[in-house]
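Working notes for the structure below.
The values are calculated or read from the model by the stated rules, or taken from the named source; none is laboratory data. All figures in this text were calculated on a predicted structure; none of them were measured in a lab. Positions of Cβ are generated from backbone atoms using ideal geometry, with glycine treated the same way; all protein chains shown enter the neighbour counts.
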Amino acid sequence: MSINDRPTVLACAGIQPELDFLLREGGAFEVRYLDQGLHQTPQKMAGIVQEALDAVPLVVERVILGYGLCSKGILGLASRGRSLVIPRQHDCVSFYLQSFPEADGANLRTHTYYLTPGWLTLRKDPLTTVEEIYSPRVGREKAVWAMNRELQHYQCFAFVDTGVCDPEPLRKRTMENAEFFGKEYREIRTALDYFRRLVTGPHSEPEFILLKPGEVLESSAWGL
């Protein structure tokens, strides 16, 4: 496979464990990771992702985006000199749920806080946020109060085991979150089927949005 045929994947660092696993399996793609925290400032996201997209050499004919809509953060991206493949998903959590049909129910999707290998290894779980970000700023009591407010509509924490790394420390941390915040604990074992389709195809409508060189990603692609 020449460099022209090997796609570049621009992806959120939150899905790095799964994509790195596929690379170790012999996946024929290059991957460039962007900061997992971009979703927290969706108004800045398109500009940062566009800059990364423009930095990919034009000899690469196809770029695959490892992002969902992410609070409309990727709208306005321009494919420019190459084709661009975009998952027609609302966020990265949806990537995992494609191989877990039970989680399609609105109640589970709304009331479950999913913790994936990427989120846990990056220390983005709520308890770590309280300990390492909120508490130093406002003190422990206010930090816990604030996080409880953020989590008030969630009923359980679910550890998403994708089979790409040792689950024990990740399971333990998810259980600690559930216990601390008084939520139920669940565990989901899901496959990498969707991630494989993302990096190797086939990329077909309606599962993916396919932009030709020069096209711009608009909200109509999601029916908005």
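Summary table
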read-out: Residues (outside any loop (DSSP other than H, G, I, E, B) and among the charged types (D, E, K, R)) located in the range 54-71; value: 54, 62
read-out: Candidate set: the range 142-163, residues that are among the polar types (S, T, N, Q) and in contact (Cβ under 8 Å) with a residue 40 or more places away in the chain; chosen: the one farthest from residue 15 (Cα to Cα); value: 155
read-out: One residue from 141, 218 being modelled with pLDDT of 95 or more, among the acidic types (Asp, Glu) and more than 26 Å from residue 23 (Cα to Cα); value: 141
read-out: Leading residue by the ranking (nearest to residue 189 (Cα to Cα)) among those in the range 109-159 that are in a helix (DSSP H, G or I) and hydroxyl-bearing (Ser, Thr, Tyr); value: 121
read-out: Positions within the range 164-219 being under 30 Å from residue 152 (Cα atoms), touching a strand residue (DSSP E or B) at 6+ places or on another chain (Cβ under 8 Å), outside any loop (DSSP other than H, G, I, E, B) and touching a residue at least 24 places away in the same chain (Cβ under 8 Å), in sequence order; value: 170, 173, 174, 177, 181, 184, 185, 186, 187, 188, 189
read-out: Flag if residue 53 is in contact with a strand residue (DSSP E or B) (Cβ under 9 Å, 6 or more places away or on another chain), free of Cβ contacts under 8 Å to residues at least 60 places away in the same chain and closer than 29 Å to residue 133 by Cβ; value: no
read-out: Residue selected from the range 115-154 under the condition among the aromatic types (Phe, Trp, Tyr) and more than 14 Å from the chain's Cα centre (by Cα), by the criterion surrounded by the fewest Cβ atoms within 10 Å (Cβ to Cβ); value: 145
read-out: Selection within the range 178-209 - surrounded by fewer than 16 Cβ atoms within 10 Å (Cβ to Cβ) and either β-branched (Val, Ile, Thr) or within 18 Å of residue 62 (Cβ to Cβ) (or both); value: 196, 200, 201, 202, 204, 205, 207
